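The next block holds one structure in the form of structure tokens; read it before the comments.
The values are calculated or read from the model by the stated rules, or taken from the named source; none is laboratory data. Nothing here was measured: the structure is a model prediction, and the numbers come from that model. Note that each Cβ is placed from the backbone with ideal geometry, even for glycine, and that neighbours are counted across all protein chains shown.
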Amino acid sequence: MRVQEITFNSTDDFKSLVMRDMGVRSQQIFLKFDLMSTVETQELRVLLDQFDLVQQTTRSVVTCSLTLDLLPVLRERLWDLWQDEGLNGNLELIEKHHAIYWQAGRFNFNVTKKPLIYGILNVTPDSFYDGGRFEGQSQMMEQIEKMVVAGADVIEVGGQTTRPGFHEISAETEINKIVPAIKIIQSKFPQVAVAVDTYKIEVMHAVINLGIDIINDVNAFVDDERKLSLLASSNVGLLTMHSSRNHEYENLTYEMKLFFEQNIATLVAHGIDRQRIALDQGIGYSKVEDGYQDYAMMRNIDQFNYLKRPMMIAISRKGFGAKLFGLAKDDRLPVTLVVEAYMYLHGGNILRVHDVTETVQLVKMLDTIKRGVWQKETKD
């Protein structure tokens, strides 16, 4: 018994083009099973019916399509059915081929298997949502512990806001603000990755020396050549952000694709492993503040799945909630969760949030639904 993945590579055949696009954007795969007998064929057809999959049978060949989320579930059920080591091994290889990893300092995250809950800790008085709430040591400690207990995989410390119209502080001031929080996380919660949100080369030097795991740069690391050599000699994960604050687009998605392709190529050319790079569309960083470009960027997140890099969902409590509904910052959690759900279902796999508890619940609920295949229990 064999299984192989069907791929569609032709660009001049419309059906193949549609199938390939469906596979990438909807994260679906197409499998062909070569079976040994009519009994196996029937057993497989019954099993695939339980998964509600489109399938076609021709003699002893069964072809089907399924989402990547369902592949581990199908592999498990097939093992229960046949205990075929060769078949199981082939399916494991297909899973591995589609897995997306983010090498970030001490961690190598498989974001295909488990999305990252990325908690935000701003220790500056002028951040757009939580400014001034966590500047003191006791407040920092309390919020860090709260996020860890709730299920944060990463905590990002920010000492320089980049909200529209922000006031720049010195690198020294920024370092002094963020170091206490970094040390608390590292000493009390070593199982959590430590990220720093900064665009300053001096701050990057300092936090790399402290052993942090991730740097998030709104300037995508390409505004200063020194950043590239510094990062190439480190092992930190890079969160590279697209921004359109300084220009407007003719074709949004096309130009965003071009930006990310060129940005990744530049980073790799300077010795930074591709597996260390994650992407952020930069929602909220449009030329028109809280404009309709942001909604297009929420929708088009699946357009970047072809890059096979982790995609961040960074919309927590942002201004769209005020634009559409007139909501104050403290009332934007429900609309935040709606957008996070949409973007997560379309390819986002790093959720950068202020509200860890609710986001963990959202992801667990959606994952349970996505993998919800019911099978009648049999008595031994």
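Scan the stretch 289-308 residue by residue and report those that are free of Cβ contacts under 8 Å to residues at least 40 places away in the same chain and not in a helix (DSSP H, G or I).
Answer for the stretch 289-308, where residues must be free of Cβ contacts under 8 Å to residues at least 40 places away in the same chain and not in a helix (DSSP H, G or I): ASP290, GLY291, TYR292.
Considering only the stretch 132-163, state which residues are on the phi < 0 side of the Ramachandran plot, of a type outside the set (A, V, I, L, M, F, W, C), surrounded by fewer than 18 Cβ atoms within 10 Å (Cβ to Cβ) and out of contact with any Lys or Arg (no Cβ under 8 Å at 6 or more places or on another chain).
Once the filter is applied, which keeps residues that are on the phi < 0 side of the Ramachandran plot, of a type outside the set (A, V, I, L, M, F, W, C), surrounded by fewer than 18 Cβ atoms within 10 Å (Cβ to Cβ) and out of contact with any Lys or Arg (no Cβ under 8 Å at 6 or more places or on another chain), the stretch 132-163 yields ARG133, GLY136, GLN137, SER138, GLU142, LYS146, ARG163.
Sort out which residues of the stretch 331-357 are farther than 23 Å from LYS114 by Cα and buried (at least 18 other Cβ atoms within 10 Å of the Cβ), and write them in order of number.
Result: ARG332, VAL335.
Restricting the stretch 303-315 to residues that are surrounded by fewer than 22 Cβ atoms within 10 Å (Cβ to Cβ) and either out of contact with any Leu (no Cβ under 9 Å at 6 or more places or on another chain) or at pLDDT below 95 (or both), which is farthest from LYS227 (Cα to Cα)?
GLN303
Return the total of residues in the stretch 268-286 being surrounded by 15 or more Cβ atoms within 10 Å (Cβ to Cβ) and within 23 Å of LEU351 (Cα to Cα).
Matching residues across the stretch 268-286 total 12.
Hand me the list of helices (runs of 4 or more DSSP H) wholly inside the stretch 21-119 holding 1 or more residues that are free of Cβ contacts under 8 Å to residues at least 40 places away in the same chain, in contact with a Pro (Cβ under 7 Å, 6 or more places away or on another chain) and surrounded by 14 or more Cβ atoms within 10 Å (Cβ to Cβ).
85-98
On the basis of being out of contact with any helix residue (DSSP H, G or I) (no Cβ under 8 Å at 6 or more places or on another chain), closer than 28 Å to ASN300 by Cβ and acidic (Asp, Glu), does GLU261 make the cut? Step through it out loud before you land on a result.
Numbers: out of contact with any helix residue (DSSP H, G or I) (no Cβ under 8 Å at 6 or more places or on another chain): no; closer than 28 Å to ASN300 by Cβ: yes; acidic (Asp, Glu): yes.
No, not satisfied.
When only residues in the stretch 358-378 that are touching a residue at least 60 places away in the same chain (Cβ under 8 Å) and not hydroxyl-bearing (Ser, Thr, Tyr) count, which is surrounded by the most Cβ atoms within 10 Å (Cβ to Cβ)? So that I can check it myself, show each step before the final result.
Taking the stretch 358-378 and keeping what is touching a residue at least 60 places away in the same chain (Cβ under 8 Å), we get 359-360, 363, 367, 370-371, 373-375.
Subsequent filtering for residues that are not hydroxyl-bearing (Ser, Thr, Tyr) retains 360, 363, 367, 370-371, 373-375.
Numbers: VAL360: 17, VAL363: 20, ASP367: 14, LYS370: 15, ARG371: 13, VAL373: 15, TRP374: 7, GLN375: 11.
Per the criteria, the residue is VAL363.
Given the conditions (1) of a type outside the set (D, E, K, R); (2) farther than 16 Å from ASP273 by Cβ; (3) within 24 Å of the chain's Cα centre (by Cα), and given that THR240 satisfies all but one, which numbered condition is not satisfied?
(2)
Restricting to the stretch 43-77, give me the number of residues that are of a type in the set (A, V, I, L, M) and closer than 15 Å to GLU5 by Cβ.
Qualifying residue count, the stretch 43-77: 8.
In the stretch 1-22, how many are within 22 Å of GLY89 (Cα to Cα) and either under 25 Å from the mean Cα position of the chain (by Cα) or modelled with pLDDT of 90 or more (or both)?
6
Regarding the stretch 51-68, can at least one residue be identified that is at negative phi and among the charged types (D, E, K, R)?
No, the stretch 51-68 contains no residue that is at negative phi and among the charged types (D, E, K, R).
Looking at ALA322, ALA328, which one is exposed (fewer than 15 other Cβ atoms within 10 Å of the Cβ) and more than 30 Å from VAL73 (Cβ to Cβ)? Spell out how you get there, then give the answer.
Details: ALA322 fails: exposed (fewer than 15 other Cβ atoms within 10 Å of the Cβ).
Going through ALA322, ALA328 in turn, just one is exposed (fewer than 15 other Cβ atoms within 10 Å of the Cβ) and more than 30 Å from VAL73 (Cβ to Cβ): ALA328.
May I ask you to list the residues in the stretch 167-189 that are surrounded by 18 or more Cβ atoms within 10 Å (Cβ to Cβ) and acidic (Asp, Glu)?
Once the filter is applied, which keeps residues that are surrounded by 18 or more Cβ atoms within 10 Å (Cβ to Cβ) and acidic (Asp, Glu), the stretch 167-189 yields only GLU174.
Please identify the pairs in which a residue from the stretch 319-338 that is under 14 Å from GLU358 (Cα atoms) has its Cβ atom under 8 Å from the Cβ atom of a residue that is surrounded by 15 or more Cβ atoms within 10 Å (Cβ to Cβ) and among the aliphatic types (A, V, I, L, M), counting only partners at least 6 apart or on another chain.
Hits for this filter: ARG332/ALA322; VAL335/LEU327; THR336/ILE315; THR336/VAL353; LEU337/LEU362.
Identify, by number, the condition in (1) over 23 Å from LEU366 (Cα atoms); (2) within 13 Å of the chain's Cα centre (by Cα) that LEU91 doesn't meet.
(2)
If the requirement is being assigned by TED's automatic domain parsing to the domain that holds MET147 and at pLDDT below 95, which of these qualifies: VAL196, VAL207, VAL203, VAL218?
VAL218
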